[in-house]
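> I'd like to ask some things about the structure below.
The values are calculated or read from the model by the stated rules, or taken from the named source; none is laboratory data. Remember, predicted model here, so these are calculated numbers, not experimental data. So basically every Cβ, Gly included, is an ideal-geometry build from the backbone, and we count neighbours across all protein chains shown. Remember, those area values only see protein heavy atoms, side chains included, never the ligands or the DNA or RNA. Shrake-Rupley method; radii C 1.70, N 1.55, O 1.52, S 1.80 Å.
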Amino acid sequence: MRIRDKIKKPRRPVVAYEILPPREKDGTLNSYAETISSLLSQTHIDAINIPEVHDEAGRGDRPVANHKRGEPREFGRLLQDIVGIEAIINRVVVHEDYDTQMKWLEQTNKDFEIENMIIVGGESSNVKYPGPTVNEALSAISNTYNNNTGDIFCGGIAIPSRNEESKNLIKKSKHGSEFFTTQVLYDSENAIKMINNYQERCNELKTFPRRILLSFAPVSSQKNIEFLKWLGVEIPDYTERYLQGRPGSMKERSLDVAIEVLNEILTNIEENDLRVPVGLNVEHIMSYNFQSSVEICLLYTSDAADEGLGVDLGGRR
């Protein structure tokens, strides 16, 4: 079953694994893909989610050195061939003009055989970018490209801490976004508020909510925490103090936080009889956290099989 069909079936669990292309100095894309194939054979995932990171001035100094990496769409094509599951390519559309972006999207779809993309905007709404907005790109793909021999299944980004984010989800859905991935979550409050408001707005408009993939990532050092913050992830002070505490390693504590946040979100969905389908997007942030991130996948896929968590991830209805 294609990832688009899995995402559109509300009761079906969906797990995506997010990973950057390898640094060029680490070797060929092929060898890196083979390593990932071996590691991911330990668990079940439905898609590989490949982000595109831009160092924008508004973020300040990057806490972790940036290295030139392989092209996401080339990496995605290799992963589809070697690992045997579909890739989802993130594309930041604001940095190049409309025509350039549309040519890139068409080439990625037809030449690289990538059918799934997450359309991403700029760092700040106060910056004048040369390229199209997220909604302009989504509309162009859905109403023009896909109606003219194209075949791109589009998603978007959900930022729970942003004011009235549920309105943004509605707008992106109207323009063609079929699912969303959140920022990495280290607290449930904003995510719960966003999901509740999203369901309410969908009810008012008599439309159906799109699936939201909740993002989680283990951390094992203060450098990891600082990098997440640089990316825009909100980590409450009390959570950061807990992660830094003793006894117990930071990695183990971050896994505990992920479990607690997910359970709180699922409990809210169940108690309020919400119909917003959710799923998981698991990240590793740094290569040395890879095995820990696989443990998150193992934990949730095991629970889905043993305790019916798959229904929970599909909306608990």
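> Only residues that are hydroxyl-bearing (Ser, Thr, Tyr) and under 24 Å from PRO209 (Cα atoms): list them for region 146-177, please.
Of everything in region 146-177, those that are hydroxyl-bearing (Ser, Thr, Tyr) and under 24 Å from PRO209 (Cα atoms) turn out to be SER161, SER166, SER173, SER177.
> In region 202-221, what count of residues is obtained for those that are in contact (Cβ under 8 Å) with a residue 24 or more places away in the chain and surrounded by fewer than 23 Cβ atoms within 10 Å (Cβ to Cβ)?
Total meeting the criteria: 7.
> Spot the failing condition for ASP306; the list is (1) closer than 23 Å to GLY155 by Cα; (2) part of a helix (DSSP H, G or I); (3) modelled with pLDDT under 75; (4) of a type outside the set (S, T, N, Q), and only one is missed.
With (1) closer than 23 Å to GLY155 by Cα; (2) part of a helix (DSSP H, G or I); (3) modelled with pLDDT under 75; (4) of a type outside the set (S, T, N, Q) applied to ASP306, the lone miss is (1).
> If you take the residues of region 40-87 that are at pLDDT 85 or above and part of a strand (DSSP E or B), which of them is surrounded by the fewest Cβ atoms within 10 Å (Cβ to Cβ)?
GLU86
> Can you tell which of GLU136, GLU189 is over 30 Å from GLU271 (Cβ atoms), modelled with pLDDT of 95 or more and either aromatic (Phe, Trp, Tyr) or open to solvent by 60 Å² or more (accessible area, probe 1.4 Å) (or both)?
None of the other options fit; the residue is GLU136.
> Applying the selection to region 145-156, what residues are over 19 Å from GLU96 (Cα atoms) and open to solvent by 20 Å² or more (accessible area, probe 1.4 Å)?
Of everything in region 145-156, those that are over 19 Å from GLU96 (Cα atoms) and open to solvent by 20 Å² or more (accessible area, probe 1.4 Å) turn out to be ASN146, ASN147, ASN148, THR149, ASP151.
> Select, from VAL120, VAL127, the only residue that is open to solvent by 20 Å² or more (accessible area, probe 1.4 Å), in contact (Cβ under 8 Å) with a residue 24 or more places away in the chain and within 18 Å of GLU18 (Cβ to Cβ).
Details: VAL127 fails: within 18 Å of GLU18 (Cβ to Cβ).
The conditions single out VAL120.
Let's see how each residue does on (1) farther than 23 Å from LYS9 by Cβ; (2) touching a helix residue (DSSP H, G or I) at 6+ places or on another chain (Cβ under 8 Å); (3) outside any strand (DSSP E or B):
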position: SER220; (1), (2), (3): yes, yes, yes
position: LYS223; (1), (2), (3): yes, no, yes
position: GLU226; (1), (2), (3): yes, no, yes
position: TYR242; (1), (2), (3): yes, yes, yes
position: VAL257; (1), (2), (3): yes, yes, yes
position: ARG275; (1), (2), (3): no, yes, yes
position: GLY279; (1), (2), (3): no, yes, no
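> So how many residues does region 1-15 have that are surrounded by 18 or more Cβ atoms within 10 Å (Cβ to Cβ), part of a loop (DSSP other than H, G, I, E, B) and basic (Lys, Arg)?
1
> Is there a residue being surrounded by 21 or more Cβ atoms within 10 Å (Cβ to Cβ) and at pLDDT 95 or above anywhere in region 241-253?
No - not one qualifying residue is present in region 241-253.
> Ok, one more. Restricting attention to region 148-171, which residues are over 14 Å from LEU105 (Cα atoms), without any contact (Cβ under 8 Å) to a residue 40 or more places away in the chain and outside any strand (DSSP E or B)?
Hits for region 148-171 are PRO160, ARG162, ASN163, GLU164, GLU165, SER166, LYS167, ASN168, ILE170, LYS171.
> Could you count how many residues in region 159-186 are over 24 Å from ILE285 (Cα atoms) and open to solvent by 10 Å² or more (accessible area, probe 1.4 Å)?
Matching residues across region 159-186 total 12.
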